[in-house]
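Here the structure is laid out as C-alpha cells; the discussion comes afterwards.
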Amino acid sequence: MKGGIIMSNSWKVEGRYFESCSCDLVCPCIFLRPPTQTFCKAIVGWQIEKGYMDDVDLSGLNVGLWLYSPGLMTEGGWQITLYIDDRADAQQQEALQKIWGGAVGGHPAVLAGLVGEIKGVHSAKVDITYTKEEKTMKISDYGEVKVNAVAGAGGKQVTVENHPLAIAPGFPATVHQSEYIKYDHSEQFQCAETVGLASPFAYQPD
C-alpha cells in the first residue's frame, strides 16, 4: 500500500473505447473549456481485446461507465457509476474494479482523481458493437447509446488528437454524433445529436 493506492506493476489492458455525452460537436471539455450545457453527462464503453492483471486474464471483457460532471471537468466533482461485464468471474471483476477505480495507477488513476463520488459499481450485461461507421452499447436495462461517424472531406473520418483531456491519451479520436443516449439508473437522462468520440486505448502502470 502506498498513499492509499494498492500497487501492482503487473497489469495491462488494451482495446477499443467510445463515448458520447451531452455536449455539442465538438465537445469543449476535451479542450479544457466549460461544457456546452454547464454540466456534462457522458456514457463510456471499453472493449478489452487483450488484458491481464497478474495471472488473471481480462481479454474479451467489456466495461461501461456513466459520468456526471457538474462543471469544468478538470475541476473534478465527477459522479460515476461503473458497470463490470457480468461474464467476468470474481477475480476478473476485482481486477477490473481496481483498474477502472484507479487503485493500481496508470491513466485510470488520473481520471479517478477527478471523481468526487462513486454512485455504484454493478455487475451488468455490457454489450458493445464497434465498427468503423457505428458504435453501440447497451448496459442491461440501465442505459444504451448509439453513435455514427461524422463524414469528413473526401469521405475520410474526422479526427481530433493531442487534446489535453482524453480518455485514451496517445491515440487520435474519431468524431461521431450520437443517434441517442438513454440512461435510467443512478439518474434519468436522454439526448441525441450530441458529440461522440472513439479510439483505441491502452492502459498500464506508470
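A short reminder: the numbers here are calculations on the coordinates, not readings from a lab. Everything numeric here is computed off the predicted structure, so don't read it as measured data. Here the Cβ positions follow ideal geometry from the backbone for every residue, glycine too, while neighbour counts run over all protein chains shown.
Distant-in-sequence amide contacts of GLY77, defined by a placed amide H-H separation under 5 Å and a gap of 5 or more residues or a different chain, comprise GLY116.
Amide H contacts of GLY71: CYS40, each under 5 Å away and 5 or more positions distant or on a separate chain (H built 1.01 Å from N in the peptide plane; Pro and chain starts excluded).
Considering only alpha-carbon pairs that sit under 8 angstrom and 6 or more positions apart, the relative contact order computed for the chain is 24 percent. For a 4.7 Å threshold on C-beta separation, the list of partnerless cysteines in the chain reads CYS21, CYS29, CYS40, CYS191. Ranked by how many other Cβ atoms sit within 10 Å of their own Cβ, fewest first, the residues LYS135, LYS125, LYS41 fall in the order LYS125, LYS41, LYS135. Here the 3J(HN,Hα) profile of region 61-68, calculated from phi with Karplus coefficients 6.51, -1.76 and 1.60 at θ = phi - 60°, is 9, 10, 9, x, 8, 10, 9, 10 Hz, Gly and Pro shown as x. Residue by residue, region 143-153 carries 3J(HN,Hα) couplings of x, 8, 8, 9, 10, 10, 5, 7, 6, x, 4 Hz when phi is fed to the Karplus relation 6.51 cos²θ - 1.76 cosθ + 1.60 (θ = phi - 60°); x denotes Gly or Pro.
Over the chain, with a single point scatterer placed on each C-alpha, what log10 of the ratio I(q)/I(0) does the Debye formula yield at q = 0.09, 0.19 1/Å? Computed log10 I(q)/I(0) values: -0.31, -1.52. Residue-wise HN-Hα couplings along region 122-133, as the Karplus relation 6.51 cos²θ - 1.76 cosθ + 1.60 with θ = phi - 60° gives them from phi, are 10, 7, 8, 6, 10, 9, 10, 10, 9, 10, 4, 9 Hz; Gly and Pro carry x.
The value for region 34-148 of Rg(Cα) / (2.2 N^0.38 Å) is 1.08.
Over region 86-206, the hull volume per residue, using the convex hull of the C-alpha atoms, is 125 Å³.
Region 1-92: percent of C-alpha pairs farther apart than 19 Å?
54
A dipole drawn for the chain from +1 and -1 charges on Cβ atoms has a positive end, and of PHE18, ALA149, LEU67 the residue lying farthest that way is ALA149.
Taking Cα atoms only, the orientation of helix 90-100 departs from the longest principal axis of the chain by about 50 degrees. Relative contact order for region 132-184: 40 percent, from Cα pairs under 8 Å spaced at least 6 residues apart, divided by residue count. Restricting the calculation to Cα atoms, region 48-112 shows an Rg/Rh of 1.01 when the hydrodynamic-style radius is the Kirkwood one. In this structure the amide hydrogen of LEU61, modeled in the peptide plane, comes within under 5 Å of the amide hydrogens of ILE48, none closer than 5 places in sequence on its chain.
Taken about its Cα centre, the chain carries a charge dipole of roughly 320 debye when the Cβ of each Lys and Arg holds +1 and the Cβ of each Asp and Glu holds -1.
Taking the DSSP beta bridges with both ends in the chain, the antiparallel portion is around 90 percent.
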